[in-house]
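Asker: Below you will find the structure I want to go over with you.
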Amino acid sequence: MPKVRETSDKPVRFAFITHHHGDHAYGNQVWAEVGATIVATEAALGEMKTVETGYYGGGPGRWENAAKKRPDVAASRLKPPTLLFPRELFFDDGKRRVELRWFGVAHTKGDAFVWLPKEKILYTGDACVNGPHNNLNDGNVAEWIKTLEKVKQLGAEKVVPGHGPIGGPEILVDQQAYFVDLHRRVKAHFEAGRSPAEMKAAVPELAAELKKVANIARYVPENLTTQAEKVYRELGGAAFPK
Ligand SMILES: [Zn+2]
């Protein structure tokens, strides 16, 4: 909020969240309290309904679990988005145009991007990160690759990722290349008939191979097991043994 005040004294009327995850959506209340309408895709709200069970009258959900460990979360309230769009929502005051756009399943089912066509600036949320910050659990890697292909066509010159430093279009290229390579390598193991235990055992070597590829090395996490398991399961494999 102080950052916003450095550039404008106008009221904040809309706050857009790219997806439903807590590190992107648990601050909604702060903006709602100053009069902003919280905006997201319909799919992001759908995702919120499946994981924020406490808010929607069921047992404890992600917010309640986070609140147990985080006093700042505990001191907040969940505020789901109230202005929803299925695929796109545009703001245009004649001087500046802001496009909120959904391109398909990626990091979640509901990720939307912010695209400033005049400035060629793209805000990606976690559908694109710059560093070892990918969380695959609520997404689908095969779909994610296709979604990033569409996003690349925008022609962004400046890319602001969900996590990691700002960069140029190479961030989109590298993020997609990382998933293509990860998917290809896990698929080779899967098609060779590797069991979940064998696949799990092959992960350190797979991570080492990925780290050798210059433009994707920075995406490889310290422990690749969760990501490899996610792809292996998407391909039809069973969960890894503990
Ligand atoms: Zn996220």
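Taken together, the values in this text are just the output of simple stated rules run on the coordinates, not laboratory data. Fair warning: this is a prediction, and the values are worked out from it, not measured in the lab. Cβ atoms come from the backbone with ideal geometry, glycine included; neighbour counts cover every protein chain shown.
Asker: Can you tell me which residue in region 103-149 is nearest to Val159 (Cα to Cα), limited to those that are more than 14 Å from the ligand (Cβ to nearest atom) and among the β-branched types (Val, Ile, Thr)?
Answerer: Taking the candidates together, the pick is Ile121.
Asker: From the list Val159, Val186, exactly one residue is in contact with a strand residue (DSSP E or B) (Cβ under 6 Å, 6 or more places away or on another chain), without any contact (Cβ under 8 Å) to a residue 60 or more places away in the chain, away from the ligand (no atom under 16 Å from the Cβ) and not in a loop (DSSP other than H, G, I, E, B). Which is it? Write out each step before concluding.
Answerer: On the way: Val186 fails: in contact with a strand residue (DSSP E or B) (Cβ under 6 Å, 6 or more places away or on another chain).
Being in contact with a strand residue (DSSP E or B) (Cβ under 6 Å, 6 or more places away or on another chain), without any contact (Cβ under 8 Å) to a residue 60 or more places away in the chain, away from the ligand (no atom under 16 Å from the Cβ) and not in a loop (DSSP other than H, G, I, E, B) holds for just one of Val159, Val186, which is Val159.
Asker: Return the residues of region 1-41 that are within 20 Å of Trp63 (Cβ to Cβ), among the charged types (D, E, K, R) and touching a residue at least 24 places away in the same chain (Cβ under 8 Å); say none if nothing qualifies.
Answerer: none
Asker: Right, another one. Can you find a residue that is acidic (Asp, Glu), farther than 30 Å from Lys152 by Cβ and assigned to a helix (DSSP H, G or I) anywhere in region 7-30?
Answerer: No: zero hits.
Asker: Could you check region 122-144 and list, in sequence order, the residues that are in a strand (DSSP E or B) and either on the phi > 0 side of the Ramachandran plot or without any contact (Cβ under 8 Å) to a residue 24 or more places away in the chain (or both)?
Answerer: At the first step, the residues of region 122-144 found to be in a strand (DSSP E or B) are 122-125.
Once the filter is applied, which keeps residues that are in a strand (DSSP E or B) and either on the phi > 0 side of the Ramachandran plot or without any contact (Cβ under 8 Å) to a residue 24 or more places away in the chain (or both), region 122-144 yields only Gly125.
Asker: Looking only at region 165-216, count how many residues are β-branched (Val, Ile, Thr), touching a Phe, Trp or Tyr at 6+ places or on another chain (Cβ under 7 Å) and under 15 Å from Arg233 (Cβ atoms).
Answerer: Applying the first criterion (β-branched (Val, Ile, Thr)) to region 165-216 yields 166, 171, 173, 180, 186, 203, 213, 216.
Filter once more, so that each one left must be touching a Phe, Trp or Tyr at 6+ places or on another chain (Cβ under 7 Å): 186, 216.
Applying the additional criterion that residues be under 15 Å from Arg233 (Cβ atoms) yields 186.
Count: 1.
Asker: Could you check how many residues of region 109-121 are touching a residue at least 40 places away in the same chain (Cβ under 8 Å) and more than 11 Å from Ile17 (Cα to Cα)? Reasoning before the result, please.
Answerer: Going through region 109-121, the residues touching a residue at least 40 places away in the same chain (Cβ under 8 Å) turn out to be 109-115.
Remaining after also requiring more than 11 Å from Ile17 (Cα to Cα): 109, 115.
Counting residues in region 109-121 that are touching a residue at least 40 places away in the same chain (Cβ under 8 Å) and more than 11 Å from Ile17 (Cα to Cα) gives 2.
Asker: Checking Glu222 against (1) over 21 Å from Ala106 (Cα atoms); (2) over 23 Å from the mean Cα position of the chain (by Cα), which single condition isn't satisfied?
Answerer: Glu222 satisfies all of (1) over 21 Å from Ala106 (Cα atoms); (2) over 23 Å from the mean Cα position of the chain (by Cα) except (2).
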